[in-house]
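Rule-based calculations on the coordinates, nothing more; no lab input. This structure is a prediction, so every number in the text was calculated from the model and none was measured. Positions of Cβ are generated from backbone atoms using ideal geometry, with glycine treated the same way; all protein chains shown enter the neighbour counts.
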Amino acid sequence: MKTRSRPVPAGSARPGGSLWRPHSDCGPACLPDPGRTPGVSAARQLGRLVALVGALLFGGLLLPLLPVLSRAGRQVAGRAWARGVLRAAGIRLVVRGRPPLRRALLVANHVSWLDVVTVLAVTPARLLAKHEVRSWPLIGPLAALGGTVFIDRTRPRTLPGTVAEVAEVLRAGGVVAVFPEGTTWCGLPPAAGDCGWAVRFRPAMFQAAVDAAAPVVPVHLGYRVEFTDPTTGAVRAADTTAAAFLAEESLYTSVRRVLALRGLVVTLTVVDQPGLDRPADRRRLATAAEAAVRAAGAPAPVRGPAGGAALELAA
């Protein structure tokens, strides 16, 4: 795949970013070349858009009812709604491993706005999100009503308070999902092009796990498209960057690109990393969790659909 991005060493700040507000330099050049990704008709795209808006509106209607449900009922309703969103967008979800259901700091790489929905589809997590999300149409109010913890990256002095809030949720037995890179990126491993990884996992939120003595659970999120090989007729799969939420594009642009894809699959892999269930030092935790997630996302050869080791959920 062609790319024009300037290589930046892993862990350094991107142009326009800083260590506190990391910035990915993934741009249009990181996307697949035109015609390389299978697509659906305009009518199918419109149908998906209508279904997606309907699913989001249904989520808004569902939220006021959650307090009267049991804890198990709330978890089932939340996961069912998130899976409904993925289904509306024509996306299939594959889960590998056992996502945490209580008292854990879930940390994942960050590629797309779909990451949030994918995590919610498998675990009753409260999310950590940048405060700008609160102002997004429809999604912002849903996030706030759903218990999202917002972090204001323009005010570094508020960070200790946010860490304390996350630690309190963990002490109460909740799951908090965090994207420690602090920004989305195209999803290309370093060997695949010079878009590269985003910045390293920031250690700040790992302090919440240390303070609450809660385990850290690394998760890798990956996107691929399944397609029919024109030569053999076999169904094959290949990693794709088409689902990425690029640094300078609007949410609407990203949503339109996702709705136009055929055969998009998101895979959530829970990484078993010894030692992360006994948090002691936030920097060591961040380094170990990042290494586990990167290893899980190492490039895989083009292959057919996943076998029986994965739990596949139609979406």
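Length gain on complete extension for the stretch Val68 to Leu49, per 0.36 nm per residue less the alpha carbon to alpha carbon distance?
Numbers: separation 19, 0.36 × 19 = 6.84 nm, distance 3.07 nm.
In short, 3.8 nm is gained.
If packing is taken as the mean number of other Cβ atoms within 10 Å per residue, what is the order of 118-125, 46-53, highest first?
Working: 118-125: 23.9, 46-53: 15.4.
Ranked from most to least packed, the peptides come out as 118-125, 46-53.
With a ≥ b ≥ c taken as the square roots of the eigenvalues of the C-alpha gyration tensor of the stretch 218-300, please select rounded if a/c is under 1.5 and otherwise prolate if a/b is larger than b/c or oblate if it is not?
Oblate, since a/c reaches 1.5 and b/c is not below a/b.
Report, in whole Å, the centroid distance computed from the Cα atoms of the stretch 115-154 and the stretch 237-286.
Comparing the Cα centres of the stretch 115-154 and the stretch 237-286, I get a distance of 15 Å.
What's the extension gain from Ala80 to Ala213 if we count 0.36 nm per residue and subtract their Cα-Cα distance?
Details: separation 133, 0.36 × 133 = 47.88 nm, distance 3.01 nm.
Length gained, Ala80 through Ala213: 44.9 nm.
When a/c is below 1.5 the answer is rounded, else prolate if a/b is larger than b/c, else oblate, so apply that to the stretch 22-177 with a ≥ b ≥ c taken from the square roots of the Cα gyration tensor eigenvalues.
Working: a/c = 1.74, a/b = 1.27, b/c = 1.37.
Here the stretch 22-177 falls in the oblate category.
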